[in-house]
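The values are calculated or read from the model by the stated rules, or taken from the named source; none is laboratory data. Bear in mind that the values here come from a model prediction, so they are computed numbers and not experimental data. Cβ: placed from backbone, ideal geometry, glycine included. Neighbour counts: every protein chain shown. Heads up: the accessible areas ignore ligands, DNA and RNA and are worked out on the full protein's heavy atoms, side chains in. Shrake-Rupley method; radii C 1.70, N 1.55, O 1.52, S 1.80 Å.
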Amino acid sequence: MKLLHKDIEKDNAGQVTLMPEEAEDMWHTYNLLQVGDSLRASTIRKVQTESTTGSVGSSRVRTTLTLCVETIDFDSQACQLRVKGTNLEENQYVKMGAYHTIEVAHVEKAADALAIDTLLISDKLFRHQDVPTRSRYVRLVDNVRDNGGNVRIFSSLHVSGEQLTQLSGVAAILRFPIADLSDAEEESSSDED
């Protein structure tokens, strides 16, 4: 885990910005978080939209939320962290006070399980301004290739690349199913709406 920023007061209040670099970093994050803390992270949220004709549709969008932590769950087998809480900063997709569960960007879990047949990744992630983020995705690509998987890089200037970027910039076609990768997140998000 890389510490990007730290601002701690004498009374132990303050904030830290962390960048996980491997699956075990989720365990360290689990031990740092407490109920009542604020957690800011990028996540995918299912949102409903209403057109001018009155028809209602839903789509999944990537957004950054700040949650007031209410529950923290850690799956030691998958090194996966789930944090549930209420949104503290309203944005165009999520109202203040709405519940959401953040589950810690699935593809890396699948790569660790050697389940990725084809990795789909946006070229934007290789041009990210944050060097640790760039390095994280380069390692992911190397990991998939080293384990016999294919990698397809999508141009963010093409429609398919734009669509992939809206879904987080990375996705995977699996060799075999991994239980509860996205179903659990979708169920928890829709239950909490």
- prompt: Regarding Val61, is this residue among the hydrophobic types (A, V, I, L, M, F, W, C) and not in a strand (DSSP E or B)?
  reply: no
field: Positions within segment 17-50 being in a strand (DSSP E or B) and either over 18 Å from the mean Cα position of the chain (by Cα) or more than 18 Å from Ile102 (Cα to Cα) (or both), in sequence order
entry: Gln48, Thr49, Glu50
- line: Expected single match for in the same structural domain as Gly148 (by the TED database) and under 21 Å from Leu3 (Cα atoms) among Thr133, Thr64, Thr118 is Thr133
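So that you can scan it fast, the table gives a plain yes or no per residue for (1) surrounded by fewer than 16 Cβ atoms within 10 Å (Cβ to Cβ); (2) modelled with pLDDT of 85 or more; (3) of a type outside the set (Asp, Glu); (4) out of contact with any strand residue (DSSP E or B) (no Cβ under 6 Å at 6 or more places or on another chain):
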| residue | (1), (2), (3), (4) |
| --- | --- |
| Ile121 | no, yes, yes, no |
| Arg127 | yes, no, yes, yes |
| Thr133 | yes, no, yes, yes |
| Leu140 | no, yes, yes, yes |
| Asn150 | yes, yes, yes, no |
| Val159 | yes, yes, yes, yes |
| Leu164 | no, no, yes, no |
message: Yes or no: segment 22-34 includes at least one residue that is touching a helix residue (DSSP H, G or I) at 6+ places or on another chain (Cβ under 9 Å), among the charged types (D, E, K, R), open to solvent by 70 Å² or more (accessible area, probe 1.4 Å) and within 18 Å of Phe74 (Cα to Cα).
response: yes
query: Can you tell me which residue in segment 80-116 is modelled with the lowest pLDDT, limited to those that are farther than 22 Å from Ser59 by Cβ, part of a strand (DSSP E or B) and hydrophobic (A, V, I, L, M, F, W, C)?
result: Leu81
